[in-house]
Structures are given as structure tokens and as C-alpha cells.
């Protein structure tokens with residue numbers, strides 16, 4: 001979704017609360033709520049009117065921003081919980097006496113295999129001197145992009161949790177309380 005063109009002048013004039021409200025609720029909602037017209041080519045007089053409206057409605061705009069921040073934090077917390085549950089499952093399987101060896105090694109082997117094949121494909125593309133057929137170029141770019149994303153996820157899964165991440169997680173949990 002493209003950003004509304006009115007955001008640039010608002011942000012440039014330091015009207016962050018109004019810009020946030022435009023992103024959260026839409027231009028029409030903000031215009032109706034504040035009683036001002038928002039346009040991409042606002043004069044300094046127009047911006048002054050918006051600034052006055054922002055000051056008059058500051059409490060409500062701050063409340064809206066707080067709601068948006070809470071929703072963003074809740075979404076981030078869900079993603080963190082999802083990653084943590086996958087790691088906990090992986091740890092439980094790896095440390096279980098009853099789990100078969102195949103269950104213990106299949107995930108790391110798949111991860112290593114995908115990373116190895118990704119690097120092999122990148123190397124083949126980088127060091128191959130023959131030109132890529134134009135009809136296959138888009139497919140190659142797509143496949144390399146997907147493999148890059150998968151490789152990033154694998155590395156983030158195995159190496160993404162650090163002391164800094166733990167501190168960030170604790171701060172996030174505290175902020176949500």
C-alpha cells in the first residue's frame with residue numbers, strides 16, 4: 001500500500017502525530033477529526049492550521065499512537081513466542097532420551113543441506129561465464145531470492161537469539177505489562 005502523499009509535508013513540518021494518525025486511520029478520518037484539509041502541496045499557512053489542530057487534539061492523537069504502538073508490540077510478541085516455541089520443541093527433541101536419532105538430526109541436517117545447496121547455487125551462478133538466457137533470467141532471480149530468504153530464516157533461527165535479544169525480549173514483555 002503506497003503511503004499517502006500528504007505524509008512528506010507533515011513529517012517535514014514536525015507534525016508526527018498527525019502523520020501517524022493518517023497512517024493508522026486514513027487521511028479522510030484525520031481531516032474530519034481535526035477539521036483541516038490535508039494535501040500534498042500545503043502552504044505554510046495550511047501547515048500552521050494543521051499544527052494548531054494537532055495541538056488542540058494532541059491528547060487524542062497521542063492515545064491513537066499509543067494504541068498503534070501496543071498493537072505493534074503485541075504482534076512482535078506473537079512472532080517472538082512462535083520462534084521460542086519452535087526452539088523449545090527443537091531443544092526438547094534434541095535432549096530427549098526417548099527421541100530416535102533421526103528426529104534429533106533431521107532439522108539440523110535439512111538446515112545444513114539447504115544452506116549448502118544455496119551457497120552451491122550462488123557459486124554456480126557467480127562463476128558461470130555463460131550468459132543466462134533472457135527467458136530464464138526472471139526465474140533465476142526469483143529462485144535466488146527465495147533461497148536467500150530461506151537461508152536468512154535458517155541463520156536467524158539458529159543464531160538469532162543472543163543476550164541482546166534476550167534483553168530486548170525482557171524489555172518488550174515489561175512494556176506490554
Residue that is surrounded by the fewest Cβ atoms within 10 Å (Cβ to Cβ), among those in the range 85-138 that are outside the structural domain of residue 154 (by TED's automatic domain parsing) and in contact (Cβ under 8 Å) with a residue 40 or more places away in the chain: 86
Residues of the range 102-144 classified as more than 30 Å from the chain's Cα centre (by Cα) and farther than 30 Å from residue 90 by Cβ, total: 11
Scope the range 18-37; condition over 28 Å from the mean Cα position of the chain (by Cα) and crowded, with 16+ Cβ neighbours inside 10 Å; matching residues: 31, 33, 34, 36
Members of the range 12-30 that are touching a helix residue (DSSP H, G or I) at 6+ places or on another chain (Cβ under 7 Å), under 11 Å from residue 51 (Cβ atoms) and at pLDDT 80 or above: 15, 17, 18
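The values are calculated or read from the model by the stated rules, or taken from the named source; none is laboratory data. Just so you know, these numbers come straight off a predicted model, no measurement behind them. For neighbour counting, all protein chains shown are included, and Cβ atoms are generated from backbone atoms with ideal geometry for every residue, glycine included.
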